[in-house]
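What follows is one structure encoded as structure tokens, with my remarks underneath.
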């Protein structure tokens with residue numbers, strides 16, 4: 001299937017297309033809109049606290065007089081950057097472990113899969129909470145805390161991908177084209193890189209898309225609990241936590257970041273489903 | 001069957017060891033000095049040296065880890081809290097009942113709502129009730145508990161005044177049952193959604209198989225087909241998800257407990273993490289891992305009963 005066909009299939013799926021448009025707009029808005037707005041994300045305007053939406057502040061201001069639109073979009077940067085970085089770690093670790101285990105087989109496979117099972121047996125957010133707690137994110141600078149969040153979510157998040165990759169590699173290893181490659185004298189590196197890896201791209205893309213939704217939720221949870229991204233960085237979870245003293249009179253302070261969070265998670269889920277349908281070779285002839 | 005249980009049990013030990021090892025060395029690698037946490041940073045150097053020796057903190061990390069594991073296994077001794085200096089077990093024992101009752105009632109609620117919803121959605125496939133169930137499932141997965149908690153509190157407690165605002169604490173004597181409702185509902189929502197979604201797809205899978213058509217064709221009553229043939233075969237995946245759900249409930253209880261100020265182990269963990277009280281964090285990590293491994297073990301054993309194939313296939317799996 002060519003990339004063009006794949007794209008046509010995704011475009012034909014209205015929900016997936018809407019998700020792509022939403023995510024693209026979110027990325028663009030997160031990247032550029034805060035630069036165009038006249039407020040800094042930590043800039044406090046003492047005489048404009050808790051302003052309702054409208055006028056200069058499109059979504060109003062929070063209890064410290066900070067512009068909510070600016071903060072929610074800078075929060076999007078953090079969510080997206082954490083998600084992308086975590087997925088890089090997850091793909092690196094999951095792919096390495098899965099490839100080695102699936103391709104080598106034998107005791108290495110058993111050992112690696114045991115480790116994977118052990119980690120898989122423990123809910124990853126819980127492990128990330130404990131890991132972050134011991135690594136000491138709460139007393140770090142905001143930038144360091146974001147990095148620690150990435151490390152803890154990445155280190156705990158790779159087992160499902162490793163299982164997926166291993167399963168695929170075990171199946172691919174026995175296919176004719178791998179035998180053919182071996183019979184003409186290709187080495188292990190060449191077989192892995194040119195014959196097995198290209199076949200792993202689709203399932204990994206699908207898995208990573210859906211997993212990114214979980215990572216964004218996990219980051220928000222950690223930041224909500226106060227052990228993730230630290231102030232004054234406006235993570236969505238942190239914004240919701242900061243709003244808890246005022247939400248009874250100003251529910252907007254919770255609802256704005258919560259809506260962004262939920263929409264992003266839903267869009268990633270739909271996009272993952274759409275990609276799965278579009279990339280699944282069993283559906284090629286319909 | 002015994003062999004099946006023993007293999008499962010054998011897997012639990014390395015899991016617990018790995019978790020404790022990970023948390024112990026994460027603590028060792030962190031830049032904070034435990035003695036500063038015990039005595040405060042401004043304590044005299046002699047006092048610091050004495051405490052360092054008394055608490056065994058001057059020993060190499062592997063030796064400390066070894067001693068820790070031995071003390072846990074032989075004496076059930078998890079060390080003392082850096083902050084309150086009381087034994088970790090006593091500290092945790094105070095919070096645990098609150099979390100246990102919360103997690104168990106949330107699991108109950110999630111099963112009681114999720115399974116029927118999933119079953120009905122599968123029977124009425126593509127009807128409005130199916131769409132409603134799937135919309136609910138999606139919303140449940142995409143709405144974190146720290147959003148659901150303030151929203152429900154605002155609507156049901158603050159505006160309507162139907163329910164109390166705060167949470168509960170078993171230690172404070174007689175507890176108003178109404179204080180359980182909001183925390184339980186908030187904690188159960190996500191799991192209920194996950195269970196509904198999985199039940200639906202498991203039921204759809206089973207309902208499309210030949211033996212269901214056969215049963216219908218030979219005149220088994222619809223309810224008979226549903227309960228004896230379909231649900232029984234769908235039970236195995238539902239059980240699995242109920243087990244993993246329990247893990248989500250435990251991590252979800254961190255959020256719910258802090259929001260509703262319930263003094264459970266979730267709240268204790270956050271306090272311990274903020275104070276860098278490593279022995280308490282380690283104890284809680286082991287307890288949580290133990291619960292999780294235990295629940296999965298129970299699920300696996302039940303699995304063996306519900307689906308005899310699980311017992312056999314497990315031996316040749318992987």
**OP:** Please work out which residue is farthest from residue B:36 (Cα to Cα), limiting yourself to region B:49-79 and to residues that are surrounded by 13 or more Cβ atoms within 10 Å (Cβ to Cβ) and out of contact with any helix residue (DSSP H, G or I) (no Cβ under 9 Å at 6 or more places or on another chain).
**Re:** B:71
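Here's the yes/no breakdown for (1) buried (at least 17 other Cβ atoms within 10 Å of the Cβ); (2) within 17 Å of residue A:216 (Cβ to Cβ); (3) over 18 Å from the mean Cα position of the chain (by Cα):
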position: A:72; (1), (2), (3): yes, yes, no
position: A:85; (1), (2), (3): yes, yes, no
position: A:96; (1), (2), (3): no, no, yes
position: A:103; (1), (2), (3): yes, no, yes
position: A:111; (1), (2), (3): no, no, yes
position: A:119; (1), (2), (3): yes, no, yes
position: A:133; (1), (2), (3): yes, no, yes
position: A:141; (1), (2), (3): no, no, yes
position: A:145; (1), (2), (3): yes, yes, no
Original post:
From B:281, B:270, B:298, which residue is part of a helix (DSSP H, G or I), over 13 Å from the mean Cα position of the chain (by Cα) and more than 9 Å from every other protein chain (Cβ to nearest Cβ)?
Top reply: B:298
Original post:
Which one is nearest to residue B:282 (Cα to Cα) among residues in region B:39-78 that are under 30 Å from the mean Cα position of the chain (by Cα) and not in a helix (DSSP H, G or I)?
Top reply: B:78
**OP:** Pull up region A:206-216, narrow it to residues that are within 14 Å of residue A:161 (Cα to Cα) and either within 9 Å of chain B (Cβ to nearest Cβ) or out of contact with any helix residue (DSSP H, G or I) (no Cβ under 6 Å at 6 or more places or on another chain) (or both), then point me to the one that is surrounded by the most Cβ atoms within 10 Å (Cβ to Cβ).
**Re:** A:211
**OP:** Please state which one of B:154, B:182 is under 25 Å from residue A:217 (Cα atoms) and in contact with a helix residue (DSSP H, G or I) (Cβ under 7 Å, 6 or more places away or on another chain).
**Re:** B:182
Subject >> Where a residue in region B:47-72 is closer than 17 Å to residue B:22 by Cα and its partner, wherever it lies, is outside any helix (DSSP H, G or I), with Cβ under 8 Å and at least six apart >> reply: B:64/B:56; B:64/B:57; B:67/B:56; B:67/B:59; B:68/B:79; B:72/B:78
Original post:
Which of the residues that make up region B:109-134 are under 22 Å from residue B:244 (Cα atoms) and free of Cβ contacts under 8 Å to residues at least 40 places away in the same chain?
Top reply: B:112, B:116
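Yes/no matrix, rows are residues, columns are (1) more than 10 Å from chain B (Cβ to nearest Cβ); (2) surrounded by 24 or more Cβ atoms within 10 Å (Cβ to Cβ); (3) touching a helix residue (DSSP H, G or I) at 6+ places or on another chain (Cβ under 8 Å); (4) at positive phi:
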{"residue": "A:218", "(1), (2), (3), (4)": "no, yes, yes, no"}
{"residue": "A:225", "(1), (2), (3), (4)": "no, yes, yes, no"}
{"residue": "A:231", "(1), (2), (3), (4)": "yes, no, yes, no"}
{"residue": "A:238", "(1), (2), (3), (4)": "yes, yes, yes, no"}
{"residue": "A:247", "(1), (2), (3), (4)": "no, no, yes, no"}
{"residue": "A:253", "(1), (2), (3), (4)": "no, yes, yes, no"}
{"residue": "A:263", "(1), (2), (3), (4)": "no, no, yes, no"}
{"residue": "A:266", "(1), (2), (3), (4)": "no, no, yes, no"}
Subject >> Single residue of B:155, B:185, B:151, B:206 found to be modelled with pLDDT of 80 or more, part of a helix (DSSP H, G or I) and farther than 22 Å from residue A:247 by Cβ >> reply: B:206
Original post:
Based on what the data block shows, is residue B:37 in contact with a helix residue (DSSP H, G or I) (Cβ under 8 Å, 6 or more places away or on another chain), in contact (Cβ under 8 Å) with a residue 24 or more places away in the chain and within 27 Å of residue A:128 (Cβ to Cβ)?
Top reply: yes
Subject >> Filter result (out of contact with any helix residue (DSSP H, G or I) (no Cβ under 6 Å at 6 or more places or on another chain) and closer than 23 Å to residue A:264 by Cβ) within region A:1-11 >> reply: A:7
Subject >> Any chance residue A:24 is surrounded by 13 or more Cβ atoms within 10 Å (Cβ to Cβ) and either at positive phi or part of a helix (DSSP H, G or I) (or both) >> reply: no
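The values are calculated or read from the model by the stated rules, or taken from the named source; none is laboratory data. From a predicted model like this one, the values you see are computed outputs, not experimental measurements. Backbone-built Cβ (ideal geometry, glycine too); neighbour counts: all protein chains shown.
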